[in-house]
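The values are calculated or read from the model by the stated rules, or taken from the named source; none is laboratory data. Because the structure is a prediction, the values reported are computed rather than measured. Heads up, the Cβs are rebuilt from the backbone with ideal geometry, glycines too, and the neighbour counts pull from every protein chain shown.
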Ligand code: NOJ
C-alpha cells in the first residue's frame, strides 16, 4: 500500500475507484487536477519538475534518489530496467507531493530487439512493417519501465555528409510525414497512458537535417517557404498524430538557436499548430546558448529558454540554479515557470503516471529474471521487417539470388561485425544477440564449411577514425581491427575468391561513421575497402556487394565493378538472417530508396524534387549554358524511389478519369501494374505531381501517394489513386497554403525518374 499524503491520497483512491466523490479535483478531470496540484507546489518543487537528468556515472544513484525525494527532479533518461527505475519512483513517492517521475530513453529503431535503422525502415515503404517495428519497440521499452522515447526523428536530410541521415527517414517530405504519423501511433498505441505504450517526443524541432555543409550541430539558414513546404511538415504530421512531446533541435535557425527561438516554439508550434504537449531541450542545449553567442551566461541562457517555451531542461542545472533569481528580479514571470510545469505534469498525466506511477515498472516479483534474455526478443518480426528494408541496386545477369550449391567466398570487414549490424541508435540491443552476415549465411547453408571466409580489409586504415569509432562504442565491443598488413588481408581474400564460384563482399561503414557528430566530407567506401573490392574484381569471379552503411555512399566505381549490389543499411538484431534470406532468394527484395544516391559528394545537396530552373540540363542533350557539372554526368547515381526485384514489373494504361478537376472534386489516376517475370514479388508504385506553372517556382515533381503491391508471377492489377485539391496545395511567397488553378502533370513510376505522364487542369 502506498503511503498517503494529499496527492498520494488521490493516487491511492483513484486506483480504488472511489476518488470522484471524496476529492475536490478528481483525477478524471485533468485540468482541474493539475491546477489543484500546482496550487500546492512550492517554487522549488515547480522548478524541480523542469529538470530532466541523464543517468550516468557522474551522479551516484544515492544522490539521485535523495534529489528525487526532495522534489528536485522531474524525469530521467538512460535508466532502462524496472529494478533501476523502481527505487527512483519509490523516492518520488516519498517526496512531499508524490509527483511521479517519468523515465525516458532514445528508443529509435528498437529497444532490446533492434530493427533496421530508420533510413532502412523508410526504404521498405511498408507502413505496416514500420508500424510493427515501433509497436514492438514500445512494448519492449514499456515492459522495462520506460515511459517516453525521444523519437521519431523526422528531420528531412538531403545531405548525406550528415551522419544523422541514418536516424531519419530520408529526403522526401511526403514519405517522411507518412512515416512520422505511423511511428507516433505505433509508439503510443491505444494511448500514451496505456501500459504497453510509450509517449513519443518527436525530434529535432526544427530543421536539424539542414545543417550547413552536413556538419553536425552547424547553423541552418533557410527561406520560410522552404521550411513550410519541405522541412516542417513531418514534425507537424507527428504532432497531428498525437505526439505528446517535442525535442528541440541543437541548431540555430536563421540566426536564432532553436532553444531560444520564440517564433519557433511559441508562434509556430503552440499558436499556429496548436501543440499542447511537452517541449524538452536537447542534451545541454540551454547551456550551449552561451556558445551560440546569444546568452552572456547561464542566467541569460535560462531566461531565453524559459521565455521561448522550453519546458524541460535536459542534463543541465541551469533552470534550478537560475530561475528563482530571475523570477525574484522580475526578469521572468511566474507564468513562464507555471506554463512549463503545467506541460510536464500534463505529460505525466497523459502517460498514465498519476493514476499509477508504477504502470510500466510493475511489481518486483514480476521483473524478468534476465532483462536481456533472448526469449524477450522479437526475432521473427525483426527478420521480416529487415528483409523488407533492403534495396537491390544492381543485379546483372541474374547474379542474385545465390545458389545454395555454389562455393561462396564471404569477405569484408562487415561480414562478422555484430555491433555494426545493429546500427547507429541501437538502444539496448546486445551485440552478442545480433546475427552477423556470416552467421545468417551459415545458417541458410546449414554448415560453416559451405563458406570460405576471409576478412579482406579492416573498416578503415585511418587511425583517427578508428579511435573515434571505438570512443562511440563506449560500453560495447571495440571495432574489430585485424593487425595484419592491408596487403596480407587482401591476398587472403583474393585466394578465397579464387577458390570460390562467387564472391560476396560485405563492405561499407562501421555504425559509428553514420551517427551523431559523425559527419564526413567523403561519402565513399573507405579507401582500404575499395582496394579490396578492386582486387576481388580482378579475380574475374562474379562479385556481389552487400553494403552496410547509414548514409548514401557514392559508389560510382563499385557500381561498375560489382555484378550485384544489395543496399542493406544497418539491419538490426536479425540482420544476418534477413540478408541471407534476400541473397538466397527466400525473400524477393522490394525496397526502394527513400533518399537519392549521389555520384559524388560534389553533387550535394541531392534530392529529386528540385525547383524548376531557367536553364535546365536535359540528359542526353548536352549544350552550352545549361545547369550542369563540367566534370561529371549530371543526375544521381541512383534516383529517389529506385529499387530492383528478382522479378520484373511493368506499368501500362495510365489514365486520368478527367482532364479537369474542380476545387471540390476528385480525380482518379489509374495504372496497370504487371509482374512480367517468373517470381512472385512486391513493388512500390509511386505517384508524383508537377504544378507546371505557379505564382512561384514549383518543384519538378513531388511524391503525393504510393502503393506497395504484391503480385504473383504473371499477375497484373489496376491501381487507383485519388487526387484532390489538397494534393495540389503549396505555401506561396506569402506563406498562404492554397492550390492555384492551371495545368498539373501526374507522373506514375516505379522510381522518381522513369515515369509515364498525363495532365489535367485545376479549374
Ligand atoms: C542528443 C541527441 O541530439 C538527441 O537526439 C538525444 O535524444 C539526446 N542526446 C539524448 O540521448
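The residue that is surrounded by the fewest Cβ atoms within 10 Å (Cβ to Cβ), counting only those in the range 248-276 that are assigned to a loop (DSSP other than H, G, I, E, B) and more than 16 Å from the ligand (Cβ to nearest atom), is 274.
In the range 309-328, the residues that are closer than 25 Å to residue 268 by Cβ form Cβ pairs under 8 Å with partners that are assigned to a loop (DSSP other than H, G, I, E, B) and more than 16 Å from the ligand (Cβ to nearest atom), at six or more places apart or across chains, as follows: 311/50; 312/50; 313/50; 319/50; 323/50; 323/332; 326/332. For the range 186-209, taking the residues that are away from the ligand (no atom under 15 Å from the Cβ) and surrounded by 21 or more Cβ atoms within 10 Å (Cβ to Cβ), the one that is nearest to residue 162 (Cα to Cα) is identified as 186. Taken over the range 214-244, the criterion of being within 16 Å of the chain's Cα centre (by Cα) and not in a loop (DSSP other than H, G, I, E, B) is satisfied by 231, 233, 234, 235, 236, 237, 238, 239.
The set of residues from the range 69-83 being more than 16 Å from the ligand (Cβ to nearest atom), surrounded by 15 or more Cβ atoms within 10 Å (Cβ to Cβ), within 32 Å of the chain's Cα centre (by Cα) and outside any loop (DSSP other than H, G, I, E, B) comprises just one member, 82. Residue 380 - would you say it is modelled with pLDDT of 95 or more, surrounded by 17 or more Cβ atoms within 10 Å (Cβ to Cβ) and not assigned by TED's automatic domain parsing to the domain that holds residue 79? In short, no. Check residue 302 against each of (1) free of Cβ contacts under 8 Å to residues at least 24 places away in the same chain; (2) within 30 Å of the chain's Cα centre (by Cα); (3) away from the ligand (no atom under 16 Å from the Cβ) and name the one condition it does not meet. Only one criterion in (1) free of Cβ contacts under 8 Å to residues at least 24 places away in the same chain; (2) within 30 Å of the chain's Cα centre (by Cα); (3) away from the ligand (no atom under 16 Å from the Cβ) is unmet by residue 302, namely (1).
Just to be sure, is residue 476 at pLDDT 95 or above and touching a helix residue (DSSP H, G or I) at 6+ places or on another chain (Cβ under 7 Å)? So residue 476 fails the test. Reported count of residues in the range 459-469, each being within 21 Å of residue 503 (Cα to Cα) and over 28 Å from the mean Cα position of the chain (by Cα), is 0. Taking the criterion of being touching a helix residue (DSSP H, G or I) at 6+ places or on another chain (Cβ under 7 Å) and more than 16 Å from the ligand (Cβ to nearest atom), the residues of the range 278-299 that qualify are 290, 294, 295, 297, 298, 299. For the range 210-229, the set of residues classified as surrounded by 24 or more Cβ atoms within 10 Å (Cβ to Cβ) and either in contact with a helix residue (DSSP H, G or I) (Cβ under 7 Å, 6 or more places away or on another chain) or farther than 20 Å from residue 170 by Cβ (or both) consists of 210 only. Checking the stated criteria, residue 489 turns out not to satisfy the condition of being more than 16 Å from the ligand (Cβ to nearest atom) and part of a loop (DSSP other than H, G, I, E, B). From the residues in the range 84-122 that are within 16 Å of the ligand (Cβ to nearest atom) and part of a helix (DSSP H, G or I), which one is farthest from residue 42 (Cα to Cα)? Among them, the one singled out is 119.
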